[in-house]
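First up is the structure itself, then whatever we jot down about it.
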Amino acid sequence: MTTDTTAYDLFIDGEFVASDEDERIDVEYPYDGTTWATVPSGTTADVDRAVDAARRAFADETWAELLPSERAAVLEDVADAIDEHADELAELETRQNGKLIREMSSQMGGLGEWFRYYAGQCRTLEGRTIPAESKDGQLFTHVKKEPYGVVGAVTPWNSPLLLTVFKLAPALAAGCTFVHKPSSYTPVSALRFAEILHEEGGLPAGVYNVVTGAGSVVGDALVNHDDIDKVAFTGSTEVGRRISADAGESLIPASLELGGKSPNIIFPSADLDNATNGVIKGIFAATGQTCLAGSRVFVHEEIADEFVDRFVERATDIDLGDPMDPETEMGPVAFRDQWETDVSYIETGVEEGATLEFGGDQPDDLPGECFLQPTILTDVENDMTVAQEEIFGPVASVLTFSDEAEVLELANDSQFGLAAGIWTEEMRQAHRVADALEAGTIWVNEYRTLSFNAPFGGYKDSGLGRENGLEGLEAYLQEKTVWFDLSGTVDDPFKLG
Ligand code: NAP
C-alpha cells in the first residue's frame, strides 16, 4: 500500500545530496504496510564521497583539533537540539519499525543525555605520566590519547537512533568523525538526525555523514574502505563475524554488538509478581525485537506451574495495536520476513517437542500482516532450536531446573553471552549466580535497563568491546607514548635501553 511519501537524500558533508544512482528504498509503517518515505539505495561512489568528507573534517581544524572544551560545548548544543526534536524523532522511529511510541518517546527524550555525559568525559580527557625505569629513570614519559580518525558505523533496525548514539556520542567526544550506514528498514531517522545535529546542534560539516543503501553494497564498501580507521557495528552475529574478518583484513579495530539468547532465571524465593513482570518486560516489550531479549526463561520446578499460569494470564491481557497509540502494549513485528522467521521458529519448536502454551498466530482483528501474538513455549529442552538460536520476536521458551548448579550449566550452555536476569530474594545466591553467568550484563530482580554511563556489550558470540560508560569512549581512542630523554647522553647505540 502506498500513500504520500517523503523522498529523502543522503546526508554528506553537512547537507542533503542526491545519490550517484536513482534507485530508491521504500520505507513502510509496519502497522498497516503503507509506504511513507523513500531513501536512496546508495552506491560505493556515495560511500567514497562520505568517507572523503569525514576525512577532511578529521584532518582540518573543524573537529579533532578543537579544544576538548570546545568539542564539549558543541556536544551540549547537540543534546539540546535532540531534546527539542525528541517527539519528532520518536514518531520517525515508530513509523519505521513499529516499536511503541511510548517506548520511543522515552528513548528519544533520554538520547541527549549520551551527548551530555560524553561532553563531560571530553572535558576531562587526560593522559598519564609513566615512571619508566630505562636509563636509570632519567626520562620523562607520557601517554596521550588520540582519536582513531574516521569511524565507519553500521547499525540495525530495532532501536535505530539509540544504537547509533551508543557509537556516535563517544566517537565525537574522542574527536573522531563518522560515516553511518543505517539499516535499510529504518534509514529515515538517521538522515533527519544528521540534519538536526548539523543545523541546530552546530556540528561542523563532514563530522557525521549518512549513506543509506543495502548492507551488501554500502555496508560492505564502508567497512572495507581503505580510508576508515575503525569499524563500529551492531547487528546479527552472522554479519558481525564477516565484518570482523573484513576489519581484520584491513587491520583496523572493530567493535561488535551482536545477537543474544539471554537466560532469565527464576528461583523459588523470587517475588513472583515482579518476576512475571520482568519476564514480560524481557520478551514481549518491543515485541521481543531486542538483542537483550530474555528469550530463555528458566524457572525452578517447584514454582513452574504457578509461574506458567501467571505468565499465560499476563500474556493474554497484553494490548496489541497501533504503536502510535500510547496505550498500546505490543506493536507489530517490524516487517513480514521477520514475522515469517518467528512463526517458523515456533513451528520448529513444536516439531521438536515443545508445547505451544499460548499465542503463535496473527490476531485476526488487526491490520497489516505483521502482528504476532505474544507466544509462550513450554516443555522446552536446552538443546532444542528455540532454546539455542536467536529468534528476535515475541517468543518465550520456558525451561525448568531443579537446582542452582543445573541452571548455571544450562544457562551458560549457549553460543551467546549478552545478558541475563536473576530473580531471587536470597542475596548470596544472587551474587554467586551473577559471578558464574557468562554474560556482559546481569540484572538482579530487574530486566532491560540501560544507562549512558554503564558499559554494555557481549561475552562469547554476542560481541567484542563495550559501548557506553568510560569503556565506550576508550573504544574511539588510541594511546601514544612519548619519551623525553633528560640525561643528555645517548651512549651505547647497540643496546635497548
Ligand atoms: P543484520 O542483518 O546483521 O544487519 C545489521 C546491519 O548490517 C544493517 O544495516 C545491514 O544492512 C548491514 N549489513 C548486512 N550485510 C552486510 C555486509 N555484508 N556488510 C556490511 N553491512 C551489512 O541485523 P538486523 O537484522 O538489522 O538486526 C538484528 C540483529 O541485531 C539481531 O541479531 C540483534 O540481536 C542484533 N542487535 C544487537 C545489539 C547489541 O547491542 N548487541 C543491539 C541491537 C540488535 P541492511 O539493512 O541493508 O541489510
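Overview of results
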| read-out | value |
| --- | --- |
| Scan of region 242-279 for residues that are more than 10 Å from the ligand (Cβ to nearest atom), assigned to a helix (DSSP H, G or I) and free of Cβ contacts under 8 Å to residues at least 60 places away in the same chain, ordered by number | A245, A247, G248, E249, S250, L272, D273, T276, N277 |
| Condition check for V210: farther than 14 Å from T234 by Cβ, touching a residue at least 24 places away in the same chain (Cβ under 8 Å) and touching a His at 6+ places or on another chain (Cβ under 6 Å) | yes |
| Strands (runs of 3 or more DSSP E) contained entirely in region 115-186, each with at least 1 residues that are at pLDDT 95 or above, among the β-branched types (V, I, T) and within 12 Å of the ligand (Cβ to nearest atom) | 150-154 |
| Residue within region 64-73 that is closer than 21 Å to S216 by Cα and either free of Cβ contacts under 8 Å to residues at least 12 places away in the same chain or surrounded by fewer than 21 Cβ atoms within 10 Å (Cβ to Cβ) (or both) present | no |
| Search result, residues across region 216-241 that are in a loop (DSSP other than H, G, I, E, B), of a type outside the set (A, V, I, L, M) and more than 7 Å from the ligand (Cβ to nearest atom) | N224, H225, D226, D227, D229 |
| Residue within region 210-219 that is under 18 Å from the mean Cα position of the chain (by Cα), surrounded by fewer than 23 Cβ atoms within 10 Å (Cβ to Cβ) and closer than 30 Å to G393 by Cα present | yes |
| Verdict on I12 being aliphatic (A, V, I, L, M) and more than 25 Å from K99 (Cα to Cα) | yes |
| Options E479, E438: the member that is farther than 21 Å from K261 by Cα and in contact (Cβ under 8 Å) with a residue 12 or more places away in the chain | E479 |
| Every residue from region 338-355 that is surrounded by 17 or more Cβ atoms within 10 Å (Cβ to Cβ) and either within 20 Å of T316 (Cα to Cα) or in contact with a strand residue (DSSP E or B) (Cβ under 9 Å, 6 or more places away or on another chain) (or both) | W339, D342, V343, Y345, I346, G349, A354 |
| Identity of the residue in region 411-455, part of a helix (DSSP H, G or I) and more than 25 Å from the chain's Cα centre (by Cα), that ends up nearest to S295 (Cα to Cα) | V433 |
| Region 354-410, subset in a helix (DSSP H, G or I) and free of Cβ contacts under 8 Å to residues at least 12 places away in the same chain, residue nearest to T290 (Cα to Cα) | E409 |
| Extreme residue, surrounded by the fewest Cβ atoms within 10 Å (Cβ to Cβ), among residues of region 461-486 that are within 12 Å of the ligand (Cβ to nearest atom) and in a strand (DSSP E or B) | L464 |
| F233 vs. criteria within 26 Å of T385 (Cβ to Cβ), aromatic (F, W, Y) and crowded, with 23+ Cβ neighbours inside 10 Å | yes |
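One line per residue, one yes/no per condition, for (1) buried (at least 24 other Cβ atoms within 10 Å of the Cβ); (2) not charged (D, E, K, R):
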{"site": "A174", "(1), (2)": "yes, yes"}
{"site": "K181", "(1), (2)": "yes, no"}
{"site": "L191", "(1), (2)": "no, yes"}
{"site": "I252", "(1), (2)": "no, yes"}
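The values are calculated or read from the model by the stated rules, or taken from the named source; none is laboratory data. Being a predicted model, the structure only gives us computed values, none of them experimental. Positions of Cβ are backbone-derived with ideal geometry, glycine not excepted, and every protein chain shown enters the neighbour counts.
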